[in-house]
Structures are given as C-alpha cells and as structure tokens.
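Novice: Quick one: the structure is below, questions incoming.
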Amino acid sequence: MKAFHLTAGPLRHDFSATFESKLGPGGLPGAAFAALAEPAAVSLEGLRRKRENGELPLLSLPSRTDDLELAESLADDIRRRAADVLILGIGGSSLGGATICRLAEKGEAFSPNAPRLHFLDNIDPATFTAIYQRVDFARTAVIAISKSGGTAETLCQTLLLHDAFVEAGLDPARHFIAVTEPGARPLRQFAEKVGCPCLDHDPQIGGRYSGLTLNGLLPAMIVGLDARAIRRGAAAVTAAALDANRPEESAPAVGAMINVGLLRERGVTQSVLMPYSDRLDRIGDWYTQLWAESLGKAGNGTTPIGALGAVDQHSALQLFLDGPRDKLVTIVQSDVANTGGRVNGSATELMGTELTYLEGRTMGDLLDAEQRATAETLIANGRPTRIIRTAKVDEESVGALMMHFFLETMIAADLFGVDAFDQPAVEQGKVLARRYLAEMGG
C-alpha cells in the first residue's frame, strides 16, 4: 500500500506500523482505512478549492514573502537595541513562536549576541514580578499579540508593562509592537494612542493556526532564524499534500484517516507526539492546543499528549508500552548519528568494563540508537506507531512539521464533521471570567 511510506519536502513518513497488516490486531484494518478514502478526498478537494479562491489564506501563506520585509526591519532594530524581548500572547499567539524559537535557543543557530526571548503566555503574577526584577526596561522590547485585539490576558499584561515603562521614565512608543486584526480593536487603539508600530494579523487565520504568520516569525527573526526557510518547508508540504492525486498519496490525509480510523475501530483515544530533539521540546505543547481545540467538539476528537525523547523513555514510555492500548504514538526522528562529543577510551577505566558499548560512540549515536529502539519496541508490543523522519531539525523541517499538522488537523475535522476553526466551549469560559471580574467591584 502506497500509504505506508510517503515523502513531503524534508519529511519522510512511515505509517506502516499503524496498520493491521504489520502491527497485528491493534492496527487499523485495511478495509476501515479504505472506507475513509472518499471523505478524505472530499476534504482535500475542499482545501484545494479554498487555496485557489483565497478562502483559507493559511494555504497560500507559505509561498508569500511580502509580509516579511517590514518584520525584518523591525527585527533588525530590536536586535540592535534590546537585550530582552517580552512576547505577550496566550495560546496560539505564543505557542507557534515559542516552538520555532527553540531552534535558536537549543540548536546550532544559537547566538550569544541575540536578545533573550521571554514568552509570557500566562498571567501568573509571580512570573511578572520575577520579570520586573530580571530585565533592564531600557534595553527591553515588548511584542503584544492578540488576533481579536481583545484577549483579556494579553491586554492585562500590556497595560501593566506600559505603566512599568512609564514609571521607569521610558517612552513605550520606542519599546512596544502590537500585532492584531485591522479595525476597532483595544490593542490597536493602544498602539495608536502610544504611537508604537502595529502589524496586521490576518482575520482569516486563527490563533492556533498562526505560527507561520508574523506571530511566530517576528520572534524567530529577532533571534536570527531564517523565516523564508520556515515558509519554504511549509510550502513543500502544502504542495505535496494538496496536489496528490489520491488521499492515500497525501501524508496529512493519511495521518487524519489513521487517527480517525484507529479511534473508531480500535478505541485509540489518545495521540502522542514524541520528538527526539530538544529543539522540538515545545512542539508537543503547540500540537496539544492545535489538535484539542480544533477537534474536541460534540463528543469528537482524541486527546493529544506531548512527550520528549529520550527524557520520557524514563517515565511516560512505560505507560505507552504497557498501559491501556488506547494510544497512537508519533515518533519524530532526525539524522543524529555521528554528531556531538565522542566518548574516548577512558569510559571503562573510569566507570567499569560494562560501559564498553559507549567507547568510541558519540552522544548522537546514543540518541539515534534510543529513538530507533523506542519505535521498534512500541511496534513489537503491538502499539500503533507512526515515524516521521527528517535529516535535520532546522527551520525548513520545523515549518514542514507545523504545516503537516495544520493540514492533518483540518482533514481530521472534516472526517469528524466538526469545524476546525471555532472553539465554542472555550468562549463560554471567557464570558464567565469577565462576569466574575465585573462582580468584584472596586
């Protein structure tokens, strides 16, 4: 079956160990997979139509560069003037940027001269107290992001920081940047009153789908990452997915079909994303929001779980291997063998002869052995396992991964019959929180 192995841009997908033919009774029967082909084809055709008529700008975004020019200028200015950058935003306004920027914070792209990024994606007062004590406001920039322009948490953060800059004798106009939709928005009004730049957030790209917009790419450019390469990876995945002749040839469609099919046929209610790279240690948080908020409606959806190899081999893997048979595990691997420091012949001398297996091996060799062993052990224990492999964890591959899961989520939503872009239950909580604030009085 062609659906077992697919390539899209820098990503190589191996779905074989999710099917009954390889995995055994815990895998998806071929007939159940085939039954999902027609609705998946309808979904893909709908996405192609929306790409062509501009109804879903996210699908054409990867091929754009015009919006990056102003952001590059702002990023250059921030790099020259700031030692710290506070990024205000919650959920999708923050998680995409935080995920991408780990490439610079934990990878080869790290620059000691780049500003330190602080993604303030919660409203715990203790965190803000610590930030006040940690940064020099004179050398600090603030990026406030809210699609609606009225996100209570972000507005609260913005107003408090505005007052802190004023109290420090600084002009907020030189330190703040806002990102919000066009129109009469509280955050846009703030930018106009203060006199700081305000970038447009596309009204047709929801927060959790905005990681490839300036929400995620402005912080990335500030720390020296290549925004065009991020978009290039996303564009390759989009083209491969939407130009496929059949859903079985489109990796996001196959992923969606497997998730939905395993839920219906095998009771697989949880979806684990487990990359083997510290540079991807935030993608689990990002994926959790995307998958849960897009699909968890009217009794539908599966529960997303973020994990990290090799760390979670020593914790959650026990559950994945020997707990309930209700999980699909996606392992993200890269070509790490023969990288990093090499253990010399002193290992046995210092620690004993039982460590001869480490002598002459690099740290990357150990990580490579463990990422392969985890996948093989899951499969040997009859646990549905998908492997996504990329040569390098870099800008292009991260853009590709994000776009893959955007598309997989949208197709899964169509298969479930839910709207991938709304969040009605979340809105109920926001209304109630504002009522509680109003009832507090003065």
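Novice: Which residue pairs have Cβ atoms under 8 Å apart, sit 6 or more places apart or on different chains, and have a first residue in the stretch 387-401 that is modelled with pLDDT of 95 or more and a second that is open to solvent by 30 Å² or more (accessible area, probe 1.4 Å) and assigned to a strand (DSSP E or B)?
Specialist: Within 8 Å, the pairs are Ile387/Asp14; Ile388/Arg12; Ile388/Asp14; Arg389/Arg12; Arg389/Asp14; Thr390/Arg12.
A quick yes/no check of all residues on (1) within 27 Å of His13 (Cβ to Cβ); (2) of a type outside the set (Asp, Glu); (3) touching an Asp or Glu at 6+ places or on another chain (Cβ under 7 Å):
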position	(1), (2), (3)
Val135	no, yes, yes
Thr140	no, yes, yes
Ser146	no, yes, no
Phe165	no, yes, no
Val179	no, yes, no
His201	no, yes, yes
Gly224	no, yes, no
Arg228	yes, yes, no
Gly233	yes, yes, yes
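Novice: State whether the residues of the stretch 104-114 include one that is closer than 21 Å to Gly233 by Cβ, open to solvent by 10 Å² or more (accessible area, probe 1.4 Å), outside any loop (DSSP other than H, G, I, E, B) and among the charged types (D, E, K, R).
Specialist: Yes, the stretch 104-114 contains a residue that is closer than 21 Å to Gly233 by Cβ, open to solvent by 10 Å² or more (accessible area, probe 1.4 Å), outside any loop (DSSP other than H, G, I, E, B) and among the charged types (D, E, K, R).
Novice: From Gly216, Gly211, Gly207, Gly233, which residue is more than 12 Å from Gly97 (Cβ to Cβ) and within 18 Å of the chain's Cα centre (by Cα)? If you could, list the steps in order and put the result at the bottom.
Specialist: Values: Gly216 fails: more than 12 Å from Gly97 (Cβ to Cβ); Gly211 fails: more than 12 Å from Gly97 (Cβ to Cβ); Gly207 fails: more than 12 Å from Gly97 (Cβ to Cβ).
From the options Gly216, Gly211, Gly207, Gly233, the qualifying one is Gly233.
Results for (1) at pLDDT 95 or above; (2) touching a strand residue (DSSP E or B) at 6+ places or on another chain (Cβ under 8 Å); (3) more than 24 Å from Leu170 (Cβ to Cβ), shown as yes or no for each residue.
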| site | (1), (2), (3) |
| --- | --- |
| Leu103 | yes, no, yes |
| Ser111 | no, no, yes |
| Phe119 | yes, yes, no |
| Ala130 | no, no, no |
| Lys147 | no, yes, yes |
| Thr151 | no, no, yes |
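Novice: Output the number of the condition that Ala227 fails; it satisfies all remaining conditions of (1) of a type outside the set (Val, Ile, Thr); (2) more than 30 Å from Pro112 (Cα to Cα); (3) in contact (Cβ under 8 Å) with a residue 12 or more places away in the chain.
Specialist: (2)
Novice: Give the residue, chosen from Leu212, Leu217, that is of a type in the set (A, V, I, L, M, F, W, C) and either part of a helix (DSSP H, G or I) or open to solvent by 40 Å² or more (accessible area, probe 1.4 Å) (or both).
Specialist: None of the others qualify; the one that does is Leu217.
Novice: Same structure again: Outside any helix (DSSP H, G or I) and either among the hydrophobic types (A, V, I, L, M, F, W, C) or surrounded by fewer than 18 Cβ atoms within 10 Å (Cβ to Cβ) (or both) - does that describe any residue in the stretch 363-379? It would help to see each step written out before you state the result.
Specialist: Here is the first cut: in the stretch 363-379, the ones outside any helix (DSSP H, G or I) are none.
So far as the stretch 363-379 goes, no, none of its residues is outside any helix (DSSP H, G or I) and either among the hydrophobic types (A, V, I, L, M, F, W, C) or surrounded by fewer than 18 Cβ atoms within 10 Å (Cβ to Cβ) (or both).
Novice: Taking the conditions exactly as written (touching a helix residue (DSSP H, G or I) at 6+ places or on another chain (Cβ under 7 Å), under 30 Å from Pro384 (Cβ atoms) and crowded, with 17+ Cβ neighbours inside 10 Å), does Pro62 satisfy them or not? Break it down stepwise before answering.
Specialist: On the way: touching a helix residue (DSSP H, G or I) at 6+ places or on another chain (Cβ under 7 Å): yes; under 30 Å from Pro384 (Cβ atoms): yes; crowded, with 17+ Cβ neighbours inside 10 Å: yes.
When the stated conditions are applied, Pro62 passes them.
Novice: I would also like to ask the following. Could you say which residue among Ala251, Ala191, Ala239 is closer than 24 Å to Glu55 by Cβ and either buried (at least 20 other Cβ atoms within 10 Å of the Cβ) or modelled with pLDDT under 95 (or both)? Working first, answer last.
Specialist: Numbers: Ala191 fails: closer than 24 Å to Glu55 by Cβ; Ala239 fails: either buried (at least 20 other Cβ atoms within 10 Å of the Cβ) or modelled with pLDDT under 95 (or both).
That would be Ala251, the only listed residue that is closer than 24 Å to Glu55 by Cβ and either buried (at least 20 other Cβ atoms within 10 Å of the Cβ) or modelled with pLDDT under 95 (or both).
The values are calculated or read from the model by the stated rules, or taken from the named source; none is laboratory data. Predicted model only: the values in this text are computed from it and were never measured. All Cβ positions, even for glycine, are placed from backbone atoms using ideal geometry, and neighbour counts span all protein chains on display. Note: accessible area is taken over every heavy atom of the protein model, side chains too, but ligands, DNA and RNA are not part of it. Shrake-Rupley method; radii C 1.70, N 1.55, O 1.52, S 1.80 Å.
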